[in-house]
Amino acid sequence: MKFLDEAKVYVRSGDGGNGCISFRREKFIEFGGPNGGDGGKGGDVVVEAVDGLNTLIDYRYQQHFKAKNGRAGMGKDRHGASGLDIVLKVPAGTQVYEENGEVLLADLTEVGQRTVIARGGNGGFGNAHFKSSTNRAPRHANPGQPGEELTIRLRLKLIADAGIVGLPNAGKSTFLSAVSAAKPKIADYPFTTLHPQLGVVEIDGREFVLADIPGLIEGAHAGIGLGDRFLGHVERCRALLHLVDGTVEHAGIAYKTVRAELAAYGEGLEEKPEIVALSKADALTPEQLKRQSALLKRAAKTTPLVVSAATGLGVSDVLRALLRVIDRDEEWPSEAVKAWHPGG
Ligand SMILES: Nc1nc2c(ncn2[C@@H]2O[C@H](COP(=O)(O)OP(=O)(O)OP(=O)(O)O)[C@@H](O)[C@H]2O)c(=O)[nH]1
Ligand SMILES: [Mg+2]
């Protein structure tokens with residue numbers, strides 16, 4: 001399935017049906033009185049987080065969604081039928097913004113959550129409604145209220161407990177594939193990963209969801225490379241795994257480049273707990289390993305873990321370190337894991 005995490009759609013709720021002006025007319029009954037029914041309510045536009053979706057790709061193909069109008073009231077006190085709602089199904093983790101992308105209208109983090117984005121217009125009252133002791137034959141009814149129309153932006157921010165960040169080629173996807181059943185594309189060129197991918201990790205009888213995202217490069221916040229928009233997918237994570245390729249020239253510089261981009265992105269990424277690990281340890285001589293660890297330690301101000309996704313060295317230490325961070329304030333199973341296995 002193709003991945004899309006942003007979509008702009010136009011929605012319109014239904015108009016309310018008009019109220020009806022009508023009088024009871026029957027043989028032998030004089031002054032039968034008003035009997036115009038009310039109009040039906042227009043349908044709402046609803047956005048609902050559903051199970052089994054992890055992309056907004058459907059909204060590339062359809063961008064206009066209209067709920068049905070309410071039907072007009074009729075004589076003999078018949079009320080018009082309400083218009084049907086229209087439901088936009090989205091994956092859990094979808095945020096709904098106003099067209100400008102700044103005002104958040106709804107944040108649907110759990111399957112089953114739903115919200116009305118545009119309310120259908122109310123139906124108008126028929127003349128029967130206006131009957132009173134002083135006006136027994138009202139000759140007016142209300143028109144239905146118009147529906148609302150607006151353009152909204154849907155933005156998917158995947159729900160994961162931890163996210164892997166790093167330069168391109170750092171071994172992020174290889175790490176995810178080593179610790180979960182996910183099968184991300186892996187290759188020895190930068191920007192192999194174009195879309196985020198999730199995997200469920202099991203460690204010590206626990207599960208958590210790990211996200212692999214594209215690589216960051218210097219200037220990503222200014223749109224260089226793939227930009228940094230995909231960092232939205234780690235905004236909700238409790239922990240970051242920062243992988244630094246041990247085979248690059250200077251692990252400390254590589255580390256700082258990514259940190260600068262996280263800071264430039266904002267949204268609290270810089271403050272998130274971070275596990276730092278030097279990757280591809282199997283490809284390093286003991287001297288190189290020592291040197292790169294020292295450079296990385298100086299830059300990160302913490303002793304890095306050492307890992308090789310290729311041989312499995314240090315992998316469980318990294319997972320346990322992530323688990324400890326996630327554990328601090330997360331209930332188990334986490335929201336991300338629940339979203340992954342809905343209903344069970
Ligand atoms: N020797 C060795 N090579 C590795 C290891 N992990 C990854 N690689 C290699 O490094 C290259 C890049 O790996 P990826 O997992 O695609 O890197 P990435 O960080 O996901 O890269 P982007 O998606 O482009 O950001 C591939 O050729 C991998 O085979 C490792 O632990 N040891
Ligand atoms: Mg990758």
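The values are calculated or read from the model by the stated rules, or taken from the named source; none is laboratory data. Because the structure is predicted, anything quoted here is derived from the model rather than measured. Every residue, glycine among them, receives a Cβ derived from its backbone with ideal geometry; neighbour counts consider all protein chains shown. Side chains are part of the model used for accessible areas, which takes the heavy atoms of the whole protein and leaves out ligands, DNA and RNA. Shrake-Rupley method; radii C 1.70, N 1.55, O 1.52, S 1.80 Å.
Structure data summary
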read-out	value
Test result for Leu167, within 12 Å of ligand 1 (Cβ to nearest atom) and either assigned to a loop (DSSP other than H, G, I, E, B) or under 19 Å from the mean Cα position of the chain (by Cα) (or both)	yes
Counted residues, region 266-319 - those being within 20 Å of Ala239 (Cα to Cα), open to solvent by 20 Å² or more (accessible area, probe 1.4 Å) and part of a loop (DSSP other than H, G, I, E, B)	11
Flag for Arg328 being modelled with pLDDT under 95, open to solvent by 70 Å² or more (accessible area, probe 1.4 Å), over 20 Å from Leu198 (Cα atoms) and out of contact with any strand residue (DSSP E or B) (no Cβ under 6 Å at 6 or more places or on another chain)	yes
Scope region 106-130; condition outside any loop (DSSP other than H, G, I, E, B) and either open to solvent by less than 30 Å² (accessible area, probe 1.4 Å) or over 21 Å from Gln62 (Cα atoms) (or both); matching residues	Ala106, Asp107, Leu108, Ile117, Ala118, Asn127, Ala128, His129, Phe130
Set Pro138, Pro146: member being within 30 Å of Leu104 (Cβ to Cβ), part of a loop (DSSP other than H, G, I, E, B) and away from ligand 1 (no atom under 12 Å from the Cβ)	Pro146
Pair list, Cβ < 9 Å and 6+ apart or interchain, from region 233-254 residues that are in a helix (DSSP H, G or I) and more than 11 Å from ligand 1 (Cβ to nearest atom) to residues that are polar (S, T, N, Q) and open to solvent by 10 Å² or more (accessible area, probe 1.4 Å)	Ala251/Ser293
Conditions (1) farther than 19 Å from Ala170 by Cα; (2) open to solvent by 10 Å² or more (accessible area, probe 1.4 Å): number failed by Cys237	(2)
Region 141-181: number of residues that are of a type in the set (S, T, N, Q) and surrounded by 24 or more Cβ atoms within 10 Å (Cβ to Cβ)	1
Residue in region 191-198 that is within 21 Å of Gly268 (Cβ to Cβ) and at pLDDT below 95 present	yes
Pairs where the first residue, in region 148-173, is under 30 Å from Gly252 (Cα atoms) and within 11 Å of ligand 2 (Cβ to nearest atom) and the second is among the basic types (Lys, Arg) and in a loop (DSSP other than H, G, I, E, B), C-beta under 6 Å, 6+ apart	Gly171/Lys280
Flag for Arg259 being outside any helix (DSSP H, G or I) and either modelled with pLDDT of 95 or more or not polar (S, T, N, Q) (or both)	no
Evaluation of Glu271 against (1) within 32 Å of the chain's Cα centre (by Cα); (2) within 16 Å of ligand 2 (Cβ to nearest atom) (one fails), failing number	(2)
Filtered residues of region 240-259 (kept if under 25 Å from the mean Cα position of the chain (by Cα) and open to solvent by 10 Å² or more (accessible area, probe 1.4 Å))	Arg259
Subset tally (residues that are within 15 Å of ligand 1 (Cβ to nearest atom) and open to solvent by 50 Å² or more (accessible area, probe 1.4 Å)) for region 208-228	3
Tabulated pairs, region 258-287, first free of Cβ contacts under 8 Å to residues at least 12 places away in the same chain, second surrounded by 21 or more Cβ atoms within 10 Å (Cβ to Cβ) and among the aliphatic types (A, V, I, L, M), C-beta under 6 angstrom, 6+ apart or interchain	Glu270/Leu262
